Amino acid sequence: MAEKQQTFADAMTALEEIVRQLEQGDVPLENAIDLYKQGMELSQFCHSKLQHAEEQLISIVQETGETTAFDPLKGEN
Amino acid sequence: MSSASYLTVKALTKYIKRKFDADPHLREVYVKGELSNVKLHQSGHIYFTLKDDGARIAATMFKTAATKLAFEPKEGMQVFIRGDVNVYEGYGTYQLYVQEMQPDGIGSLFVAFNQLKEQLQQEGLFKPEWKQPIPRFPEKIGVLTSTTGAAIRDICTTLKRRYPLAEVFIYPTLVQGAQATPNIVQNIERANIDASCDVLIVGRGGGSIEDLWAFNEEAVARAIFGSRIPIISAVGHETDTTIADYVADLRAPTPTAAAEMAVPDQQELFQRVLTQKSQLHQIVRAQLMAERQRLNKLQQSYPLSMPERLYRPFTERLAQLETGLQKAMQVDLMKKTARFQQLHSAVEQHSPKKALAFHQRELETHFQQLTRAATHYVTKQKQQFEATVRTLEALNPLAILTRGFTVAYKDNQMLKSAVDVKPQDQLTLSFHDGKVIADVVKILPKNEGE
């Protein structure tokens, strides 16, 4: 089941694995339905991740190790 | 001359082309000159004119050879070329077909480049087994390039457009000049120490071969090779290939391309998620339907829907057997009956009963015959007797008396005629019921008596 700290990558990979398993067609019906539920949750999760990721975080890693915000259109401030 | 004696243009050109083909010197020529009229066609082929003070020759470098170019051919550049000369029949021109081209003047750099390339190749640094896979969904992307210039902009806008999910860390890096090499090496190491990134993009925009030179340095190559984070190299333009490109886990032709290779496309992912979702729907629905159909089929299957059909064959067989049995029994019975009857009649034939009956019948018949005969005889005797009696009776003279006749006696002698009588005679008259003694009075003969 989807964990709270799940990453998009994990969710996407899990979703693909579920689809792959189901596509193979040898999953018993009960398991298939469980997988289906999981898959739907995962796809919901991925979908919302994609939808809400609108602003990308871009930062500069300074020599000191500190990070500062960066706008590529303006260049380094 | 007749028309048949004239060559076609095509035939003539073919003839000329054969001359070129046959000449061993033209099959491999080394020639130097200046580039002019350079045209980088979108097909990847390069067309130009190679010239010097005295002459010019049209030249073509096909895509397969052109992609191997380590520099961008530019107007006025002095170059060394290896190729062959041949005829382009379509235009009736002869051309230089370029296999290899190197710029003059920086020949020493090329020597260095080739030497290092050779060396690292022999060490095995370019081997595919060292290539680390680029994560499909990186969460953190390190970018090692200059914070000024087109490259960083291209990378950031591409990353944002395609995959805003990932966080971008820029390690400001000098990418040209004397400090570039140590700075690139240092930043690759820093990024590895930070270890926060899933993938690194190392590169810069286009420039002269000298500008890009840091990416041909051994130190940079070894730093890239040593990185535990997968590295996508993106140096210059498509035609620029550096040592860094060979050793990187993935080579991108441009910074924009590097960003595209580093991340998946959000729109595609959206689509993919939707596809996966509908696939889930479809698969599970299909499976449910299939199971339902299977169930229906089972329910409709004749063992479940018509159980009687299951044992029908047995019933039929039983009936058959019963019929057979009956038939067999009948046949047997008939046979036995026949045999019995045969035997019975055989016995019957020899039975004393029959003889007895026969004899009895015979006896009876005889008895009856006897009885009949006896009765007949008796009857006959009786009849005879009666007839005799009747005859006798009829003959009994006395019998007449009963009818009123009378017998007359004289001297106990029955009188038969009137002549025997004489008057006075005493006569005895016998009646049937007594006697009368009478005296004769008169006799009357017959005729007188009447």
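The values are calculated or read from the model by the stated rules, or taken from the named source; none is laboratory data. Keep in mind it's a predicted model, so treat the numbers as computed, not measured. Here the Cβ is made from the backbone with ideal geometry for all residues, glycine too, and neighbour counts use every protein chain on show. Remember, those area values only see protein heavy atoms, side chains included, never the ligands or the DNA or RNA. Shrake-Rupley method; radii C 1.70, N 1.55, O 1.52, S 1.80 Å.
Please specify each residue of the stretch B:419-450 satisfying the condition of being surrounded by 11 or more Cβ atoms within 10 Å (Cβ to Cβ) and not in a loop (DSSP other than H, G, I, E, B).
B:420, B:426, B:427, B:428, B:429, B:430, B:431, B:435, B:436, B:438, listed by residue number.
Quick one: would you say residue B:357 is at pLDDT below 80, out of contact with any helix residue (DSSP H, G or I) (no Cβ under 8 Å at 6 or more places or on another chain) and exposed (fewer than 11 other Cβ atoms within 10 Å of the Cβ)?
No, not satisfied.
Of all residues in the stretch B:81-92, count the ones that are open to solvent by 80 Å² or more (accessible area, probe 1.4 Å) and in a strand (DSSP E or B).
Result for the stretch B:81-92: 1.
Test each condition in (1) modelled with pLDDT under 85; (2) surrounded by 11 or more Cβ atoms within 10 Å (Cβ to Cβ) for residue B:416 and report the one that comes out false.
(2)
Within the stretch A:41-60, identify whether any single residue is within 9 Å of chain B (Cβ to nearest Cβ), more than 30 Å from residue B:161 (Cβ to Cβ) and either at pLDDT 80 or above or part of a helix (DSSP H, G or I) (or both), and answer yes or no.
Checked against the condition, which is being within 9 Å of chain B (Cβ to nearest Cβ), more than 30 Å from residue B:161 (Cβ to Cβ) and either at pLDDT 80 or above or part of a helix (DSSP H, G or I) (or both), the stretch A:41-60 yields no hits at all.
Mind listing whichever residues of the stretch B:231-240 are buried (at least 20 other Cβ atoms within 10 Å of the Cβ) and under 56 Å from the mean Cα position of the chain (by Cα)?
B:231, B:232, B:233, B:234
On the given criteria, is residue A:7 modelled with pLDDT of 80 or more, under 28 Å from residue B:192 (Cα atoms) and more than 7 Å from chain B (Cβ to nearest Cβ)?
It is false that residue A:7 is modelled with pLDDT of 80 or more, under 28 Å from residue B:192 (Cα atoms) and more than 7 Å from chain B (Cβ to nearest Cβ).
If a residue has to be open to solvent by 10 Å² or more (accessible area, probe 1.4 Å) and within 9 Å of another protein chain (Cβ to nearest Cβ) to count, how many in the stretch B:165-195 make the cut?
Count: 6.
Go through the stretch A:20-30 and give me each residue that's open to solvent by 80 Å² or more (accessible area, probe 1.4 Å) and more than 8 Å from every other protein chain (Cβ to nearest Cβ).
Within the stretch A:20-30, A:20, A:24, A:26, A:30 qualify.
Determine which single condition residue A:17 fails, assuming it passes every other condition in (1) outside any strand (DSSP E or B); (2) at pLDDT 85 or above; (3) within 8 Å of another protein chain (Cβ to nearest Cβ).
The failed condition is (3).
With B:121, B:95 as the choices, which residue is outside any strand (DSSP E or B), at negative phi and in contact with a Phe, Trp or Tyr (Cβ under 8 Å, 6 or more places away or on another chain)?
B:121
Mind listing whichever residues of the stretch B:233-263 are of a type in the set (A, V, I, L, M) and within 15 Å of residue B:175 (Cα to Cα)?
Matches in the stretch B:233-263: B:234, B:235, B:243, B:244.
Only one residue in B:96, B:69 is at pLDDT below 90 and open to solvent by less than 30 Å² (accessible area, probe 1.4 Å), so which one is that?
B:69
Of all helices (runs of 4 or more DSSP H) completely enclosed by the stretch B:254-338, which ones contain at least 3 residues that are open to solvent by less than 50 Å² (accessible area, probe 1.4 Å) and closer than 30 Å to residue B:242 by Cβ?
B:255-262
Looking only at the stretch B:402-411, which residues are touching a residue at least 12 places away in the same chain (Cβ under 8 Å) and part of a loop (DSSP other than H, G, I, E, B)?
If the condition is that a residue be touching a residue at least 12 places away in the same chain (Cβ under 8 Å) and part of a loop (DSSP other than H, G, I, E, B), then B:402, B:406 are the ones that fit.
Anything in the stretch B:143-154 that is within 8 Å of another protein chain (Cβ to nearest Cβ) and either aliphatic (A, V, I, L, M) or part of a strand (DSSP E or B) (or both)? List them, or say none.
Matches in the stretch B:143-154: B:152 only.
With the checklist (1) surrounded by 19 or more Cβ atoms within 10 Å (Cβ to Cβ); (2) over 60 Å from the mean Cα position of the chain (by Cα) in hand, flag the one item residue B:78 doesn't pass.
The number of the failed condition is (1).
Of all residues in the stretch B:184-213, which are in contact with a Pro (Cβ under 9 Å, 6 or more places away or on another chain) and in a helix (DSSP H, G or I)?
Correct list: B:187 only.
When the residues of the stretch B:241-253 are narrowed to those that are in a loop (DSSP other than H, G, I, E, B) and open to solvent by 10 Å² or more (accessible area, probe 1.4 Å), which ends up nearest to residue B:192 (Cα to Cα)?
Within the stretch B:241-253, the match that is nearest to residue B:192 (Cα to Cα) is B:249.
For the structure I just gave you, tell me whether residue B:136 is among the basic types (Lys, Arg), within 20 Å of residue B:215 (Cβ to Cβ), within 12 Å of chain A (Cβ to nearest Cβ) and not in a strand (DSSP E or B).
Spelling it out, it is not the case that residue B:136 is among the basic types (Lys, Arg), within 20 Å of residue B:215 (Cβ to Cβ), within 12 Å of chain A (Cβ to nearest Cβ) and not in a strand (DSSP E or B).
Any residue in the stretch A:17-31 that is more than 20 Å from residue B:273 (Cα to Cα) sitting within a Cβ distance under 7 Å of a residue that is assigned to a helix (DSSP H, G or I) and not charged (D, E, K, R)? List the pairs, counting only those 6 or more apart or interchain.
Qualifying pairs under 7 Å: A:27/A:21; A:27/A:35; A:29/B:287.
Which of the residues spanning the stretch B:155-164 are open to solvent by 70 Å² or more (accessible area, probe 1.4 Å) and at the interface with another protein chain (Cβ under 7 Å from one of its Cβ atoms)?
Of everything in the stretch B:155-164, just one residue is open to solvent by 70 Å² or more (accessible area, probe 1.4 Å) and at the interface with another protein chain (Cβ under 7 Å from one of its Cβ atoms), namely B:160.
I'm trying to understand the selection: among the residues of the stretch B:275-291, which are at the interface with another protein chain (Cβ under 8 Å from one of its Cβ atoms) and either aliphatic (A, V, I, L, M) or touching a residue at least 60 places away in the same chain (Cβ under 8 Å) (or both)?
Residues satisfying the conditions are B:280, B:283, B:284, B:288.
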